[in-house]
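**Q** This is the structure I have questions about; it appears just below.
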Amino acid sequence: MADETSQESQTAAEKRGKSSTERIFGDDVISHGYTGVPNILVRAQSRLGISTTQFNIIVQLLSYWIDPTRPPFPPKRDLAQRMSITQQTLRINIKALEDKGYISRVQQKTAAGDYGSNIYRLEGLVTKIRELVRDFDEERKERRHSRTQTETPNARRSARRKTKPGEMGEP
């Protein structure tokens with residue numbers, strides 16, 4: 001019986017330690033890795049002027065960016081295949097992201113002197129997302145304030161009902 005209790009509590013402790021992503025998708029899925037995409041990027045897609053194809057390109061590049069000190073360098077062929085688009089469509093959209101300052105490309109050369117895959121630097125995108133934090137903090141503050149304003153009148157009304165006849169409820 002003691003073993004049963006320790007197993008139950010161990011399982012509960014393990015569940016508490018899992019992220020929401022792990023709890024949603026399960027260990028088998030997460031064992032293959034996952035890509036972190038900031039909610040600000042998701043919510044500000046339109047504000048940033050990023051098309052759905054460009055957003056997908058960014059997410060694909062983020063999936064290759066494992067080490068912050070090593071920018072991703074996937075072959076265009078692989079990116080295009082993952083997204084079911086042509087390499088030309090990929091190039092056009094990467095160029096658009098580059099023109100917006102979100103991505104910069106550095107051409108790699110192989111040891112033999114041939115051209116290798118591009119290195120994709122996303123510092124421009126990271127900087128822009130960080131600049132949006134204040135806007136999103138302000139929006140969150142306004143939502144919280146609105147929520148308290150809509151909740152407070154009901155609380156006041158309930159408090160007034162609890163007072164005895166002839167007594168004044170607090171404003």
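**Q** Pull out the extension gain between T86 and V42, defined as 0.36 nm times the separation in residues minus the alpha carbon to alpha carbon distance; nm, one decimal.
**A** Working: separation 44, 0.36 × 44 = 15.84 nm, distance 2.41 nm.
So the chain would gain 13.4 nm between T86 and V42.
**Q** Starting at the first residue of segment 123-137, write each ³J(HN,Hα) from the Karplus equation 6.51 cos²θ - 1.76 cosθ + 1.60 with θ = phi - 60°, in whole Hz, x for Gly and Pro.
**A** Taking θ as phi minus 60°, the curve returns 4, x, 5, 4, 4, 4, 5, 5, 5, 7, 4, 4, 4, 6, 5 Hz for segment 123-137.
**Q** Then there is this: Rounded to the nearest 0.05, what FRET efficiency do K18 and S104 have when you use their Cβ-Cβ distance and R0 = 35 Å?
**A** Values: r = 36 Å, r/R0 = 1.04.
With R0 = 35 Å, the Cβ-Cβ based efficiency is 0.45.
**Q** Further, regarding this structure: Ordering S20, S31 from largest to smallest accessible area (1.4 angstrom probe), what's the sequence? Present the calculation step by step, with values, prior to reporting the outcome.
**A** Numbers: S20 65, S31 90 Å².
Result, largest first: S31, S20.
**Q** Follow-up question, since we're still on this one. Would you mind classifying segment 21-153 by shape? Square roots of the alpha carbon gyration tensor eigenvalues, ordered a ≥ b ≥ c; an a/c under 1.5 is rounded, otherwise it is prolate if a/b is larger than b/c and oblate if not. Before the final figure, lay out each step's value.
**A** Numbers: a/c = 2.48, a/b = 1.81, b/c = 1.37.
Prolate shape, in that a/c is at least 1.5 and a/b is the bigger ratio.
**Q** Take the alpha-carbon centre of segment 102-126, take the same for segment 12-62, and report the distance between them in whole Å.
**A** Cα centroid of segment 102-126 versus Cα centroid of segment 12-62: 24 Å apart.
The values are calculated or read from the model by the stated rules, or taken from the named source; none is laboratory data. Everything quoted here is computed from the prediction, not taken from an experiment. Glycine also receives a Cβ, built like all others from the backbone with ideal geometry; neighbour counts cover every protein chain displayed. Protein only, heavy atoms only, side chains kept; ligands, DNA and RNA dropped before computing areas. Shrake-Rupley method; radii C 1.70, N 1.55, O 1.52, S 1.80 Å.
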